[in-house]
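Novice: I'd like to ask you about the structure that follows.
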Amino acid sequence: MTIVDMVIRNARRFPNQLAFVEICPNKNFRKEVTWKEFADRVNRLANALLKMGIGRGDKVLHMMMNSVNWLEAYFAVIKTGAVVVPLNFRFVSSQIKYCADTVEPKVFIFDCNFTDRVAPIQSELKSVNDYIFVGKDAPKGARKYEELLAEAPVAPVDAGLTGDDDCAIYFTSGTTGTPKATLLNHRNMTATAMHENYAHRETSRDNFLLLQPLYHTGGKMHWFGFLIAGGRCTMVTGGETITPKLIMETISRERITEVMLLVPWIQDLVTSMDKGEIKLEDYDVSSWKLMHSGAQPIPPTLIRHWKGWFMHVAYETHYGLTESAGPCIHLLPENLSRVGAIGFPMLELDARIVDDHNNDVPHGTVGEIILNGDNIMTGYYKNPEETAKTLIDGWLHTGDLGKMEPDGCIAFVDRKKDLIITGGENIYPWEIEELFHSHYKVADAALIGIPDTRLGEVAIAVIQPKANSNLTEHEFRQYFESKLPKYQWPRAVIFDQVPRNPTGKIEKVKLREKYNNYKWQK
């Protein structure tokens with residue numbers, strides 16, 4: 001079964017059941033779409049694409065803000081046998097061109113939010129034969145999305161897809177360098193849907209609140225657990241800012257059963273509740289069964305704080321990468337006491353912790369996390385060198401450091417590239433960042449290494465204080481110095497914004513670039 005087959009099956013089994021609710025509270029907008037309506041529109045666009053000459057192996061660039069239209073286009077491209085290439089909505093013109101040069105798309109689907117970024121490079125995208133515009137005022141030369149659908153037949157499209165057929169190319173988030181084009185096939189996608197449903201046991205009666213950007217393998221792949229079961233997805237669109245009020249109102253009004261919240265959103269929520277800005281008694285959250293989080297290390301103190309407010313809601317941590325088609329390791333609710341770990345691999349996925357020579361390390365020893373299973377990518381598109389470095393004997397080398405307990409539970413330690421080596425001593429930023437987060441005046445924190453002629457590199461802390469907290473360096477140092485060995489102390493404490501990408505990961509490349517030449521006082 002492919003993910004396209006899941007849509008077909010849901011339209012047959014639950015034709016009149018809601019598949020999607022799209023909301024934009026700032027515009028007082030709410031749209032409902034049933035499984036049959038969704039499947040019909042996917043068929044129409046697939047037929048339109050076929051008429052345009054799109055077929056097996058062709059690439060279609062896809063750049064839109066979250067919407068049901070986003071998913072229609074995604075599944076329609078895949079249904080033709082072509083490969084869909086979703087782009088990060090933050091990409092500027094030069095990055096869009098880089099991606100287009102890499103994959104050589106024949107068609108480019110985009111919405112009104114990106115006209116100004118596409119126009120300057122349109123003449124340089126030599127491989128693109130057709131542009132499809134989602135919105136009212138289509139730019140010159142672009143076909144109108146709704147007109148294409150209206151003119152196309154609703155007849156089913158069957159490209160004879162199998163698990164080995166290529167499905168999508170996702171560009172990695174680039175937090176450790178230039179984004180790489182990750183090639184996924186239908187087997188990868190189906191495996192992720194099965195992993196998710198096995199972990200959470202979603203049914204057709206469940207309702208997932210999707211807040212993350214769809215171009216990423218995070219939130220959307222969590223929704224795949226609902227897709228395989230025919231569950232509902234409630235999607236916040238229109239570029240809405242994710243606020244505690246929005247989260248609580250949507251859970252209450254739409255009867256949400258499950259949501260993934262990034263660490264900053266959880267922090268904002270509990271802070272608002274602590275201050276009395278959000279009052280639990282004002283909302284009916286009795287439908288809410290599960291909250292999970294990932295995309296970065298999870299501070300245990302934060303989850304304990306959140307559970308103090310939402311005792312009836314189960315919590316789960318997950319871990320995954322673009323290269324693993326999204327989440328694949330889960331710390332299930334029954335392991336709440338082990339929060340801080342990332343958990344256990346699901347179903348047929350296998351995981352090991354190895355040294356630099358690919359030898360398994362003893363339990364409790366830090367090494368690289370490597371993965372093997374049906375969800376693991378085909379490789380990096382047109383990049384055999386990086387593929388050979390990352391996929392070794394069928395095992396995905398994640399670049400993440402971890403430790404495994406005797407029962408197989410894995411604890412994340414840090415990104416291999418974020419490891420700081422100062423005077424021969426290893427500093428793992430995440431465990432120190434976790435301590436920083438536990439200070440009641442800290443909103444966010446990052447520890448990075450900068451060059452040092454004597455020690456090789458030294459650690460500096462970038463601390464984002466909570467609003468109006470008046471945190472001082474002296475106060476902060478008093479808090480952490482007694483809790484850390486001296487070699488782990490940051491040589492400088494800088495109060496600044498901690499940049500995160502749309503999936504919640506700290507953009508440490510940006511911080512290192514910004515502070516690479518920082519002169520700390522020796």
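Novice: Would you kindly give the portion of the calculated P(r) for the range 419-515 that falls above 20 Å, as a percent of all Cα pairs?
Specialist: 33 percent
Novice: Continuing with the same structure: Expressed as cubic angstrom per residue, what is the convex hull volume of the alpha carbon set of the range 287-410?
Specialist: 118 Å³
Novice: Compute the Kirkwood hydrodynamic radius of the range 414-468, taking the inverse of the mean of 1/r over all pairs of distinct Cα atoms, and give it in Å to one decimal.
Specialist: Values: mean 1/r = 0.0842 Å⁻¹.
Mean inverse Cα-Cα distance, inverted, gives 11.9 Å.
Novice: Name the residue farthest towards the positive end of the dipole of the range 419-515 from the options Gly504, Ile421, Ile460, assuming +1 on Cβ of Lys and Arg, -1 on Cβ of Asp and Glu, about the Cα centre.
Specialist: My answer, from the dipole projection, is Gly504.
Novice: For the chain, what does the helix formula give at 222 nm: sum of -39500 (n - 2.57) over DSSP H segments with n ≥ 4, over the residue count, nearest 500 deg cm²/dmol? Could you put the intermediate results ahead of the total?
Specialist: Details: 15 runs with 152 residues, N = 522.
Theoretical 222 nm ellipticity from helices: -8500 deg cm²/dmol.
Novice: Report Rg/Rh for the chain, rounded to two decimals, where Rg is the Cα radius of gyration and Rh the Kirkwood radius.
Specialist: Working: Rg = 23.2 Å, Rh = 24.1 Å.
Rounded to two decimals, Rg over Rh is 0.96.
Novice: If we sort 96-105, 41-50 on the protection proxy, mean other Cβ atoms within 10 Å, highest first, what's the order? List each step's numbers first, then the result.
Specialist: Values: 96-105: 18.6, 41-50: 23.8.
Sorting 96-105, 41-50 by mean packing, highest first, produces 41-50, 96-105.
Novice: Ok, one more. Collect residues whose amide H, placed 1.01 Å from N in the peptide plane, falls under 5 Å from the amide H of Cys167; neighbours closer than 5 in sequence don't count.
Specialist: For Cys167, whose amide H was placed from the backbone, the distant partners under 5 Å are Leu184, Asn185, His186.
Novice: Let me ask you something else. Across the range 424-430, in residue order, what do the Karplus-derived ³J(HN,Hα) couplings come to in whole Hz, using 6.51 cos²θ - 1.76 cosθ + 1.60 with θ = phi - 60° and x for Gly and Pro?
Specialist: Computed from phi, the couplings for the range 424-430 are x, 9, 7, 10, 9, x, 4 Hz.
Novice: Can you flag which of Lys389/Lys483; Lys389/Lys510; Lys144/Lys510; Lys245/Lys307; Lys180/Lys289; Lys126/Lys514 are past 30 Å Cα-Cα?
Specialist: On the way: Lys389/Lys483 38 Å; Lys389/Lys510 25 Å; Lys144/Lys510 38 Å; Lys245/Lys307 18 Å; Lys180/Lys289 36 Å; Lys126/Lys514 35 Å.
Distance filter (> 30 Å) returns Lys389/Lys483; Lys144/Lys510; Lys180/Lys289; Lys126/Lys514.
Novice: If you split all Cα-Cα distances of the range 30-165 into 10 Å bins from zero, what percentages do you get per bin, shortest first?
Specialist: 12, 46, 34, 8
Novice: Please state the relative contact order of the range 136-243 as a whole percent: Cα pairs under 8 Å, 6+ residues apart?
Specialist: Here the relative contact order equals 20 percent.
Novice: Please give the helix 244-254 orientation as an angle from the longest Cα principal axis of the chain, in degrees from 0 to 90, rounded to the nearest 10.
Specialist: It is inclined by approximately 40 degrees.
Novice: Below 14 Å, Cα to Cα, which aspartates and glutamates can Lys519 reach? Residues fewer than 8 away in the same chain don't count.
Specialist: Lys519 reaches Asp452, Glu457.
Novice: Given a Förster distance of 35 angstrom, what is the FRET efficiency for Asp101 paired with Lys416, based on the Cβ-Cβ distance and rounded to 0.05?
Specialist: Once rounded, the FRET efficiency stands at 0.75.
Novice: Quick one: dipole size for the chain, taken about the Cα centre, charges +1 on Lys/Arg Cβ and -1 on Asp/Glu Cβ, in debye to the nearest 20. Provide the component values of the computation, followed by the final result.
Specialist: Numbers: 59 positive and 65 negative charges, 212 e Å.
Taking the Cα centre of the chain as origin, the dipole is about 1020 debye.
Novice: Quick one: if the Förster radius is 41 Å, what FRET efficiency do Leu484 and Lys519 give, using the C-beta to C-beta distance and rounding to 0.05? Please list the in-between numbers first.
Specialist: Numbers: r = 23 Å, r/R0 = 0.56.
After rounding, the FRET efficiency stands at 0.95.
Novice: Which of rounded, prolate or oblate describes the range 438-488 when judged by the alpha-carbon gyration tensor and an a/c cut-off of 1.5?
Specialist: Prolate, because a/c is 1.5 or more and a/b exceeds b/c.
Novice: Let me ask you something else. Projected onto the charge dipole of the chain (+1 at Lys/Arg Cβ, -1 at Asp/Glu Cβ, origin at the Cα centre), which of Phe412, Cys112, Pro490 gives the Cα projection farthest towards the positive end?
Specialist: Cys112
Novice: Then there is this: Compute the relative contact order of the chain as a whole-number percentage, counting only Cα pairs closer than 8 Å that sit 6 or more residues apart in sequence.
Specialist: 11 percent
Novice: Over the range 419-515, what is the relative contact order in percent, taking alpha-carbon pairs closer than 8 angstrom and at least six residues apart?
Specialist: Details: 147 pairs, mean separation 25.7, N = 97.
For the range 419-515, the relative contact order is 27 percent.
Novice: While we're here: Report the equivalent ellipsoid semi-axes for the range 242-330 in whole Å, largest first, defined as the square roots of five times the eigenvalues of the gyration tensor built from alpha carbon atoms.
Specialist: Values: eigenvalues 106, 42, 26 Å².
With the √(5λ) rule applied to the range 242-330, the semi-axes are 23, 15, 12 Å.
Novice: Further question: How long are the three semi-axes of the equivalent ellipsoid for the range 345-474, computed from the Cα gyration tensor as the root of 5 times each eigenvalue, in whole Å, largest first? All intermediate terms of the calculation are to be shown ahead of the outcome.
Specialist: Working: eigenvalues 210, 67, 51 Å².
Equivalent ellipsoid semi-axes, largest first: 32, 18, 16 Å.
None of the figures in this text is laboratory data; all of them are computed from the coordinates on show. Note that the structure is a prediction, hence the values are computed from the model and not measured. Positions of Cβ are backbone-derived with ideal geometry, glycine not excepted, and every protein chain shown enters the neighbour counts.
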